[in-house]
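Q: Here you go, one structure.
The values are calculated or read from the model by the stated rules, or taken from the named source; none is laboratory data. Keep in mind it's a predicted model, so treat the numbers as computed, not measured. Ideal geometry is used to build each Cβ from the backbone, glycine not excepted, and the neighbour counts take in all protein chains shown.
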Amino acid sequence: MRLLRMVALVAASVVWAAAPCAAEDVASLQGAFLRGEYERVAREASRLRGRAGGDRDALLYLEGVSSWKLGRWVEARGTLTDLVERYPSSRWAPYGRLALERLNKARARGQLGQRPDAQEADAGFTVQVGAFVNRANAGRLAEELRRRGYPAEVREGAMDGKGFYRVRVGSFARRTEAEEKAGQMQREGFPARVVP
């Protein structure tokens, strides 16, 4: 009987280790968030979402609140909106809704407008793969890019009073780095272009 329990434990650990995104990955990111490692959490959560099984909701939440802590208001709002729309019955959805409420209240009071979005303030270049009026279309493209291993983000913007959603990949210090990535993506059939 004791041997049977040991075999069952070993088998369970093998299955656990082969999981696309283990709960321990999420737990590790939660710990990193509590230590204030927001940049790491946002980056890793985005990367892990591309291979996550049932943990995409937790990863969306962690990515969203980390983006908020980093001052990336638009990215945070988009990620948290994805969470509550895609996983409305998730245990993370109420926390996502609460974070969105607080984010929207701060925005309405003008507290977010005092500091430019960190995404837009970053020096350097990125690769834009698409721009959409419909957020769902942008989300689908970003998800496809993540499945292929690209760190895609959906960023909200406005032009002539109309909102739109840009799908962008990476942040590069030099234009040549961004051009290399855009070329790679173009060879895969994506309409990629370098933008500041």
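Q: Find the residue count for the stretch 166-192, including only residues that are assigned to a strand (DSSP E or B) and at pLDDT 90 or above. Explain how you work it out, then say what you get.
A: Kept after step one, since they are assigned to a strand (DSSP E or B), are these residues of the stretch 166-192: 166-172.
Of the ones still in play, those that are also at pLDDT 90 or above are 166-169.
Residues meeting the conditions: 4.
Q: While we're looking at this one, here's another question. Restricting attention to the stretch 133-165, and to residues there that are part of a helix (DSSP H, G or I) and in contact with a Phe, Trp or Tyr (Cβ under 7 Å, 6 or more places away or on another chain), which single residue is farthest from Val194 (Cα to Cα)? Break it down stepwise before answering.
A: Initially, the stretch 133-165 is screened for residues part of a helix (DSSP H, G or I), giving 135-147.
Those still in the list that are in contact with a Phe, Trp or Tyr (Cβ under 7 Å, 6 or more places away or on another chain) too: 135, 138.
Numbers: Arg135: 21, Ala138: 18 Å.
Only one residue fits best here, namely Arg135.
Q: Tell me, please, whether a residue that is touching a Ser or Thr at 6+ places or on another chain (Cβ under 8 Å) and at pLDDT 85 or above can be found in the stretch 20-28. Let's see the steps before the verdict.
A: Residues of the stretch 20-28 touching a Ser or Thr at 6+ places or on another chain (Cβ under 8 Å): none.
No; the residues of the stretch 20-28 include none that is touching a Ser or Thr at 6+ places or on another chain (Cβ under 8 Å) and at pLDDT 85 or above.
Q: A further question on this structure: Residue under question is Tyr95, and the condition is that it be outside any loop (DSSP other than H, G, I, E, B) and surrounded by fewer than 20 Cβ atoms within 10 Å (Cβ to Cβ); does it hold?
A: Working: outside any loop (DSSP other than H, G, I, E, B): yes; surrounded by fewer than 20 Cβ atoms within 10 Å (Cβ to Cβ): yes.
Spelling it out, Tyr95 is indeed outside any loop (DSSP other than H, G, I, E, B) and surrounded by fewer than 20 Cβ atoms within 10 Å (Cβ to Cβ).
Q: Would you point out the residue of the stretch 23-50, among those that are of a type in the set (D, E, K, R) and in a helix (DSSP H, G or I), that is surrounded by the most Cβ atoms within 10 Å (Cβ to Cβ)?
A: Kept after step one, since they are of a type in the set (D, E, K, R), are these residues of the stretch 23-50: 24-25, 35, 37, 39-40, 43-44, 47, 49.
Pick out the ones that are also in a helix (DSSP H, G or I) and you get 24-25, 39-40, 43-44, 47, 49.
Details: Glu24: 11, Asp25: 19, Glu39: 14, Arg40: 15, Arg43: 14, Glu44: 19, Arg47: 17, Arg49: 24.
In this case the residue turns out to be Arg49.
Q: Residues Glu153, Glu188, Glu179: which one is surrounded by fewer than 19 Cβ atoms within 10 Å (Cβ to Cβ) and either touching a residue at least 40 places away in the same chain (Cβ under 8 Å) or in contact with a Cys (Cβ under 7 Å, 6 or more places away or on another chain) (or both)? Let's see the steps before the verdict.
A: Working: Glu153 fails: surrounded by fewer than 19 Cβ atoms within 10 Å (Cβ to Cβ); Glu179 fails: either touching a residue at least 40 places away in the same chain (Cβ under 8 Å) or in contact with a Cys (Cβ under 7 Å, 6 or more places away or on another chain) (or both).
Result of the check over Glu153, Glu188, Glu179: Glu188.
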